[in-house]
Structures are given as structure tokens and as C-alpha cells.
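Here is the structure we will look at.
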Amino acid sequence: MTQTSEHRPGTRTPVADAPLQGAASSGTGLAADRVRWSVGDRLILDDVDVTAPPGALTGLLGPNGTGKSSLLRLIAGVERPDGGRVALVPRHGGADSAGAGESAAADGAAGADGPSGVGEPEDLLTMRRRRRARTLAFVEQDAASELPVTVFDAVLLGRTPHRSVLAGPTEDDHTIARSALERAGAGDLAAREISTLSGGERQRVHMARALAQQPRVLLLDEPTNHLDVAAQLATMRLVGELAADGVTVLAALHDLSLAAATCDHVVVLAPEPAGHVVAAGPVEEVLVPEVIDPTYGVRTTVLRHPRTGRPVLTFDEQ
Ligand SMILES: Nc1ncnc2c1ncn2[C@@H]1O[C@H](COP(=O)(O)OP(=O)(O)OP(=O)(O)O)[C@@H](O)[C@H]1O
């Protein structure tokens with residue numbers, strides 16, 4: 001799959017908030033190979049292959065229960081797969097691998113969880129927790145937020161993987177957290193107790209915490225859930241900007257027109273048999289009736305957005 005950045009809406013220029021770009025410019029892709037996961041005797045994901053190219057927004061699509069959240073949780077290390085591999089794949093071997101090697105050394109773990117050679121894929125599943133937290137951020141669907149902390153302190157927690165275990169947050173950490181809140185459209189919520197927020201407000205705060213982590217890879221499970229239409233557009237624009245900055249984004253989405261309007265690539269999971277990939281590739285090739293109709297059990301009409309020319313999908317029952 002190749003990057004098709006000209007398709008992304010909104011600005012494609014690198015954003016001005018330098019503090020949030022930190023680890024984002026490395027151009028690391030993500031490859032999940034033959035990922036298999038069962039719960040009890042129920043097979044949820046059956047040898048699933050998903051690739052998220054570096055510095056691109058990849059939409060993970062599929063009907064309810066096809067395993068999108070499960071796959072994101074496995075990639076994030078929340079669950080362990082029964083089989084398969086999840087790796088960071090450098091775009092340019094030299095620069096990326098050098099960066100990764102430095103990070104491993106900073107962890108005191110060089111040679112243990114770092115890549116073995118220049119340009120080698122790096123195994124995410126065996127990566128040390130702390131290093132993974134500096135590499136990858138995950139915004140879960142309806143993540144619980146009952147901690148008795150302010151929004152600002154919750155976002156500041158995103159900085160934890162970047163400092164030594166006993167050190168408190170630095171002035172830089174505060175600056176990055178403030179910038180992350182602003183960028184996620186939640187600057188005015190900083191002093192609020194997180195448990196008092198509405199669903200949409202929480203969603204922005206979770207995004208801000210992920211931004212404060214300065215990840216190379218960002219996993220989003222339904223990032224527009226709970227958001228009004230303006231906030232949905234703002235969130236997807238932000239995600240597109242992050243991808244333009246070099247962050248590899250894999251986002252589970254239900255709104256196929258939103259995916260068509262914003263994603264560089266899409267991967268569609270199908271319900272039968274358990275969580276397998278029916279199609280993957282550029283939006284124009286994958287979001288077509290031949291793929292969507294049998295997968296979702298609908299009749300799809302593909303229109304064109306009058307301004308962007310991108311696909312707009314409408315649906316009828318079969
Ligand atoms: N811990 C678990 N125990 C039992 N079953 C599970 C568990 N986690 C997921 N499942 C099942 O695995 C299947 C895939 O769930 P998952 O949440 O990954 O799907 P999804 O594609 O994200 O769904 P949705 O679009 O509805 O959010 C579902 O049938 C779900 O009930």
C-alpha cells in the first residue's frame with residue numbers, strides 16, 4: 001500500500017505545535033501478521049493481517065463484533081494474541097533504527113527489546129512496557145475515566161513514560177500537556193474533574209492524553225464516538241495532521257463516509273468467518289459496493305462530494 005496524502009482533507013502542512021511532534025517524525029509503519037486470538041473456544045481473530053503504512057491514516061472497518069477493538073487491544077499489548085506477530089516497520093532503515101536503538105539504550109534494554117539490525121522490524125509484542133508506552137498510544141472506546149483527578153493531571157499522565165520513574169513532571173511536560181489539550185479542543189476543560197465530563201468532552205481528553213505521549217503509532221477505537229459533527233471533523237483533521245507529521249494512525253471507524261473522507265487506507269474485517277480481512281487498500285478501491293454490500297448486508301450507493309470529489313456513501317437495506 002502506498003501513501004496517498006493528497007486525498008486527506010484539511011491542511012497537510014506540518015502543524016505549528018512543535019512540542020507535540022517529538023517522537024512523531026520517525027516514519028514507522030505497523031504490521032500485524034497472522035494475528036490469532038480466541039476467548040475460551042471462540043475464535044475472535046483468525047490469522048488476521050493488517051498493515052498501517054507509516055505516516056498515514058488507516059481506517060479499520062467492519063460490522064459490529066468483527067474484532068476491530070480486539071485487534072487494537074492486541075496491538076496495544078492490552079491482550080496477548082495466541083499467535084502471530086505485531087511489528088514496527090521502519091520506512092527508512094537507517095534513521096529509524098538508529099532512533100529505536102537509542103531509546104532501547106535509554107531504557108537500559110539495548111539488545112533485549114530493540115531491533116537487531118539496521119532497518120529490521122521491531123517486535124511490539126515483546127517490547128518492554130515503558131518503551132512501548134513511549135512508542136504507541138491507544139485511545140480506547142469509552143475508556144473509563146473515574147479517577148478523581150483534574151483533566152490537566154490526567155493528560156500529564158501521558159508524559160509518564162518519557163521521564164525517569166521517580167522524577168516529577170517538568171516544565172516541558174506541562175507545556176506539552178497544555179499544548180495537547182489545546183490541540184484536542186479541550187483547553188477549556190483543564191481544571192475540571194475528569195469524572196464530571198460529558199462523553200464528548202472525555203473523548204477529547206483521552207485524545208489529548210494520547211497526544212501528550214508523543215507516540216510514533218496512534219491506535220484509536222472509534223475516536224469520533226460521542227462527538228458532535230463539528231468535533232468529529234476537528235478530530236479527524238487533527239488525526240490527519242498527526243499522520244502528516246509522521247505518526248502512523250490506525251483507527252477503528254463505523255462511519256464509512258467519514259472513513260472515505262479522511263483515511264488514506266482502509267482495512268475491512270468481515271464477520272464470517274471470524275475477523276478476517278476481506279479487503280485492504282486505498283479508499284477508492286475498497287469502499288465500493290462489491291466489498292461493502294456483502295460485508296455489511298446493505299446496498300451501497302457511492303456519490304461524490306461536490307467540493308472534495310471524495311466518495312460519499314449512502315445505504316439502503318438489502
Ligand atoms: N474478553 C472477551 N470475552 C469474550 N468475548 C469477547 C471478548 N472480547 C471480545 N469478545 C467478542 O469478540 C467479538 C469481537 O469483539 P470486538 O469488540 O473486537 O468487535 P468490534 O469489531 O470492535 O465490535 P464493535 O464494532 O461492536 O465495537 C465480539 O463477538 C465480542 O463479543
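The values are calculated or read from the model by the stated rules, or taken from the named source; none is laboratory data. Fair warning: this is a prediction, and the values are worked out from it, not measured in the lab. Cβ: placed from backbone, ideal geometry, glycine included. Neighbour counts: every protein chain shown. SASA here: full protein model, heavy atoms, side chains in, ligands and nucleic acids out. Shrake-Rupley method; radii C 1.70, N 1.55, O 1.52, S 1.80 Å.
A few notes on this one:
- Radius 9 Å from Cβ of Gly77, net charge of other residues (Lys, Arg +1; Asp, Glu -1): +3
- Heavy-atom accessible area order for Glu317, Glu241, largest first, 1.4 Å probe: Glu317, Glu241
- Cβ crowding within 10 Å averaged over residues, with 171-183, 300-312, 62-74 ranked highest first: 62-74, 171-183, 300-312
- Using only Cα coordinates, the Kirkwood hydrodynamic radius of segment 258-306 works out to 11.4 Å.
- Karplus-derived HN-Hα couplings along segment 179-187 (A = 6.51, B = -1.76, C = 1.60, θ = phi - 60°), whole Hz, x at Gly and Pro: 5, 5, 4, 4, 5, 8, x, 10, x
- Under-5 Å amide H pairs with Leu30, H placed in peptide plane, nonlocal only: Ala52, Val89
- Each Lys or Arg adds one and each Asp or Glu subtracts one; over the other residues with Cβ under 11 Å from the Cβ of Val48, this totals -1.
- Within the shell defined by Cβ-Cβ distances under 11 Å, the residues around Val39 carry a net charge of -2, with Lys and Arg each +1 and Asp and Glu each -1.
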